[in-house]
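Accompanying notes for the structure given below.
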Amino acid sequence: MSASKAARSDLLNDGRIWKGRVDKVNAELVVLTYGTIVAQLCKDFDSDYLQVNKQLDKMGYNIGLRLIEDYLAKSNTMRRCSNFRETADMLAKVGFKIFLNITPMVTNWTSDNKQFSLVFEENPLADFVELPDDGRAQDELWYSNIFCGVLRGALEMVQMQVEAHFISDVLRGNDTTEMRVSLIRYIDDELPPEDD
Amino acid sequence: MSNLQAPRGGGKEESGLRYPTNGKTIYHRPLNRAKAAELSGASFAYLFSEMVSYASKKIESIQDLEKRSMDPSFTHKTPYLTRFIASARLNVQGHPIGLKLLDLLLYREPARTQTRPLTIITLLHFIKINVWQHLFGQVADGLEKSSDPSKPDEYMIIDNEPLVNRYISVPRDMSQLNCAAYVAGIIEGVCDGSAFPARVTAHSVGKQEEGEMWPGRTVFLVKFAPEVMERESFLGKG
């Protein structure tokens, strides 16, 4: 009895309890739902893929604005990142892990530490996906563009204005899926200046 | 013999698509890879909420709804057409998923049960058990035949607490909208794909009183096309 009590408080302390409680759904439900959203957009915009990219980014932005709160609650970090490099790490190792159960690689930093790439080994959204064979989709559509919006929205809520876009995607026939993220500015002056 | 090499030029027409050189194409991934994989429920909720708000914002005309009712596979009129276009749009988005899910789930069945459902009852059981279990991690709460003798073509699949509605509260003035229309679309896709054309609609039946056990209780009303009923009656005799 007391043993189980002790075990329970351990669970509470190291945060395992929320991990057990975190609600999970079948991955394919998410994948298929995202797929049908993109397909619907392609239909609605008459295969104007640039518009589709834009709309996906917008949807992502809306998600990001709200997702950040969930991230803060679930990640248990309780403090601000001290610089953009740390932000990038948290984003990849905690954010993507919580919401998509993947950890993209953070790489290709510019020397001013304001731009980096996220390289996706795995992309759960792109399971079962092949772009339309119409000679344009592979050149114009960024299938996972919703990610860019999510990052932009979420980071804006913690006072970082960023710009994000994909530069390659295995769905387009590239060997990797890579997103470029650049810090434009910190929105609030009160934040500690970047130090490295 | 059965090894699937790169799909390039492997068959009818040359594909115009480019593929990564490291072979990361859908053709190289086992179809069962993500079978039991899980993702955060929050991710789904976010996506779904964007989908719903997009569906309700994007309503410009009643056109796409009408297009659907002209569908030759569906000639009988239904009274539900006048309902919310948003639910129709959600339904439309679920439909292709149902079509594909049918194949995927049958493929994953053990070889001896891989046959497609051949009667209404086996089809509905397949939906209640396999489809539900796969998508929502549990079987549906109920399956009933309409008790109204004038409507032998209507069946009901009941979910006490649809997963898709978990974080959704519908504004009072849109109380007819049930976002599980998306799931209704999936069911409809499964039915259509197995050659049991049907129209499926989602209805909220939970009472909004305090202490109500299942306020979100949803009935998926499956109404089969007349030719299905006709065929079924022949099969019953034979």
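The values are calculated or read from the model by the stated rules, or taken from the named source; none is laboratory data. Predicted model, so just to flag it, every value in this text is computed and none were measured. Please note: Cβ atoms are built from the backbone with ideal geometry, for glycine as well, and neighbour counts cover all protein chains shown. Just the protein is used for accessible areas: all its heavy atoms, side chains included, with ligands, DNA and RNA removed. Shrake-Rupley method; radii C 1.70, N 1.55, O 1.52, S 1.80 Å.
Residue check: B:Pro152 meets all listed conditions (1) in contact with a Ser or Thr (Cβ under 9 Å, 6 or more places away or on another chain); (2) within 14 Å of another protein chain (Cβ to nearest Cβ); (3) open to solvent by 30 Å² or more (accessible area, probe 1.4 Å) but one, namely (2).
Would it be correct to say that B:Gly142 is over 22 Å from B:Leu99 (Cα atoms), surrounded by fewer than 16 Cβ atoms within 10 Å (Cβ to Cβ), among the small types (Gly, Ala, Ser) and under 19 Å from the mean Cα position of the chain (by Cα)? Criteria met by B:Gly142. Here B:Glu161 meets each of (1) closer than 20 Å to A:Glu28 by Cβ; (2) within 13 Å of chain A (Cβ to nearest Cβ); (3) open to solvent by 70 Å² or more (accessible area, probe 1.4 Å) with one exception, condition (1). What do you reckon, is B:Ala180 over 16 Å from B:Leu123 (Cα atoms), under 12 Å from the mean Cα position of the chain (by Cα) and either among the hydrophobic types (A, V, I, L, M, F, W, C) or crowded, with 23+ Cβ neighbours inside 10 Å (or both)? Yes: the conditions hold for B:Ala180.
From the set of residues in segment B:184-209 that are part of a strand (DSSP E or B) and farther than 17 Å from B:Trp132 by Cβ, which is most open to solvent (accessible area, probe 1.4 Å)?
If we filter segment B:184-209 for residues that are part of a strand (DSSP E or B), which is where we start, we get B:198-204.
With farther than 17 Å from B:Trp132 by Cβ added as a condition, the list becomes B:199, B:201, B:203-204.
On the way: B:Arg199: 31, B:Thr201: 23, B:His203: 34, B:Ser204: 70 Å².
So, considering only residues that are part of a strand (DSSP E or B) and farther than 17 Å from B:Trp132 by Cβ, the one most open to solvent (accessible area, probe 1.4 Å) is B:Ser204.
Taking the criterion of being more than 10 Å from chain B (Cβ to nearest Cβ), buried (at least 19 other Cβ atoms within 10 Å of the Cβ) and more than 14 Å from A:Ala39 (Cβ to Cβ), the residues of segment A:112-143 that qualify are A:Phe116, A:Ser117, A:Leu118, A:Phe120, A:Trp142. Is there a residue being facing another protein chain (nearest Cβ under 9 Å), modelled with pLDDT of 75 or more, assigned to a loop (DSSP other than H, G, I, E, B) and more than 26 Å from A:Gly60 (Cα to Cα) anywhere in segment B:7-17? There is at least one residue in segment B:7-17 that is facing another protein chain (nearest Cβ under 9 Å), modelled with pLDDT of 75 or more, assigned to a loop (DSSP other than H, G, I, E, B) and more than 26 Å from A:Gly60 (Cα to Cα). Restricting A:Asp44, A:Asp23 to those that are surrounded by fewer than 22 Cβ atoms within 10 Å (Cβ to Cβ), farther than 21 Å from B:His95 by Cβ, at the interface with chain B (Cβ under 7 Å from one of its Cβ atoms) and not basic (Lys, Arg) reduces the list to A:Asp23.
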